[in-house]
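Undergrad: This is the structure I want to talk about, given as structure tokens.
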Amino acid sequence: MTLTASGLTIVLSLMTVITANAQQSPSAALVPTGATDTLRLSLADALHQARPASEQVGIAQAEVSRTKGVVTQTRSALLPQINLGPQYTRVLESPYQNLFPGGSTGGENPFTSTNQWRLGGSVGISLFNMSQWSQLGASQAGTRVSQLQLSQQEALTILTVASAYYDASLSAQLLTITEFTLAQAEKTLADVTLGREVGTQSEFEQLRARVSRDNQIPVVTRARANQDIAITRLKQLLDVPLSSELVLATPLDDNPDIGDLPADVAAMILSADTTVAARTVVRAAEETVAQSEQLSAAASRQWIPTMSTTMNYNRAGYSSDFFPVNNQFGNDWTINAVVNWPLFTSGRISGARQQASATLETARLRAKLTAEQAALDNATVNARLREARDNSLATASVVEQALRAYEIAELRYSEGVSTQTELQDVRLQLEQARANQAQAARDTQVARFRRALLPYLPLGTADGAALTTSSVTSAGTATQALVGSTPARGR
């Protein structure tokens, strides 16, 4: 394609504005760019900060800790229990005083002594409890579920931050494009105004140029507001102070290599298994089935007798004085063995078994449904990635054609062989083509991340349904604003 002098000026102007807005070389950390409240942020920096700054990841980590505590608590019921229980009793009046006259002053009668001490404790252990063993298995499965859900939340957080980063970059480019279009409209108005002064342009043409310029101002204002919203959302996700200024260092069209990503994110992507059975959401559903099976077994095993034993040892002392002397203490040492067999519970165990059975059936059906939805997710993500790549290639050629058309339209207008309406039409087409190209670049980058993280993502993220960030909405709104900026025209 051959560029005229004016076309080359357009390209250089646009590239200068885009470069000045946000496109710098990547950095290795969140570092000031000179001012203390300005932070230079690359995509790798954002991903490194994503999980530590995420409240949702923190909640998932707390849930893992909680389920591990449940395992410890459940296991403790099967292990020895040791208790120390010193006890002091002050007898104010005893019904045994009439049976043992004088005993209250002798200090040796355990029934009537004023001060009674028991120093010791007990040791107990469960010898046989099948229901409790099943409860332990269920709690261990619950821990595995929470760990898989933590992996899901971490992956979703990485995808959300990457999307927010690219949305902020997209909003910056959309603002640049609208500002460029406004600058061209200002230039046209200046040319027409000059022509009006020298008598080569009519008042009508001057009014049309001014209206065209004024119509572009709200588009720029909206694009600037959308950029502010997208940047604010990114700051919130990374716990960056809202008063700080962010300079985005990774270009929108830069395809990061695995080596450019944080080591933990790269390891997650490299170890990903893309099969449906290996997805964490499917594995979590299967672990939920295993947990429900253990709970069902625990409910059924409540009919089985349990056995436990307890040993109690105390040094018991009785005295009319506050604390007995050595010869007033004696050993109180017993061992108890208990067998508990619930022969009749008025439906308690039957009801528990019925609930556990229904829960198990629900878990199995949900696991089957999850596997089916995961398969659809896989196909959808791959299709969306192909769509994004195809759109990116298509929009690149459209921009070239729109740029060439604008060069011709500008030359025709300057030579007086075309109208201002034609020039405005072509200018808005160029604006829309560049906006579509930026949107396609953003969609491609997000689709690549979604495909790489798919094995760890929860259901519903294939089309970005789980990404409810404000920045996504902002970028989309900005693109729609460009579509709506073209007025209805007629000859």
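The values are calculated or read from the model by the stated rules, or taken from the named source; none is laboratory data. What you see is a predicted model, and the numbers here were worked out from it, not measured in a lab. Reconstructed Cβ throughout: ideal geometry from the backbone, glycine too, with neighbour counts over all protein chains shown.
Undergrad: Only one of Ala363, Ala367, Ala396, Ala356 is assigned by TED's automatic domain parsing to the domain that holds Gln437, in contact (Cβ under 8 Å) with a residue 12 or more places away in the chain and within 30 Å of Asp425 (Cβ to Cβ); which?
TA: So the residue among Ala363, Ala367, Ala396, Ala356 that is assigned by TED's automatic domain parsing to the domain that holds Gln437, in contact (Cβ under 8 Å) with a residue 12 or more places away in the chain and within 30 Å of Asp425 (Cβ to Cβ) is Ala396.
Undergrad: Now a separate question. Select from segment 257-273 the residues that are in a loop (DSSP other than H, G, I, E, B) and at pLDDT 75 or above and write down the one among them that is nearest to Gln439 (Cα to Cα). Write out each step before concluding.
TA: Filtering segment 257-273 down to residues in a loop (DSSP other than H, G, I, E, B) leaves 257, 261-262, 271-273.
When the remaining residues are screened for being at pLDDT 75 or above, the result is 261-262, 271-273.
Numbers: Leu261: 23, Pro262: 26, Ser271: 30, Ala272: 28, Asp273: 29 Å.
So, considering only residues that are in a loop (DSSP other than H, G, I, E, B) and at pLDDT 75 or above, the one nearest to Gln439 (Cα to Cα) is Leu261.
Undergrad: Go through the residues of segment 338-353 one by one and say whether even a single one is farther than 30 Å from Ile125 by Cβ and buried (at least 16 other Cβ atoms within 10 Å of the Cβ).
TA: No, the conditions are met nowhere in segment 338-353.
Undergrad: Here's another thing I want to ask about it. How many residues are under 20 Å from Ala438 (Cβ atoms) and either surrounded by 15 or more Cβ atoms within 10 Å (Cβ to Cβ) or touching a residue at least 40 places away in the same chain (Cβ under 8 Å) (or both) if we restrict to segment 370-386? Full working, then the answer.
TA: Start the filter on segment 370-386 by keeping residues that are under 20 Å from Ala438 (Cβ atoms), which leaves 384-386.
Still in the running and either surrounded by 15 or more Cβ atoms within 10 Å (Cβ to Cβ) or touching a residue at least 40 places away in the same chain (Cβ under 8 Å) (or both): 384-385.
Counting residues in segment 370-386 that are under 20 Å from Ala438 (Cβ atoms) and either surrounded by 15 or more Cβ atoms within 10 Å (Cβ to Cβ) or touching a residue at least 40 places away in the same chain (Cβ under 8 Å) (or both) gives 2.
Undergrad: Give just the number: which of (1) closer than 26 Å to Gln206 by Cβ; (2) modelled with pLDDT of 85 or more; (3) of a type in the set (A, V, I, L, M, F, W, C) does Ala435 not satisfy?
TA: It is condition (1) that Ala435 fails.
Undergrad: Can I ask one more? Can you tell me which of (1) farther than 17 Å from Leu159 by Cβ; (2) in contact with a Pro (Cβ under 7 Å, 6 or more places away or on another chain) is the one Gln73 doesn't meet?
TA: The failed condition is (2).
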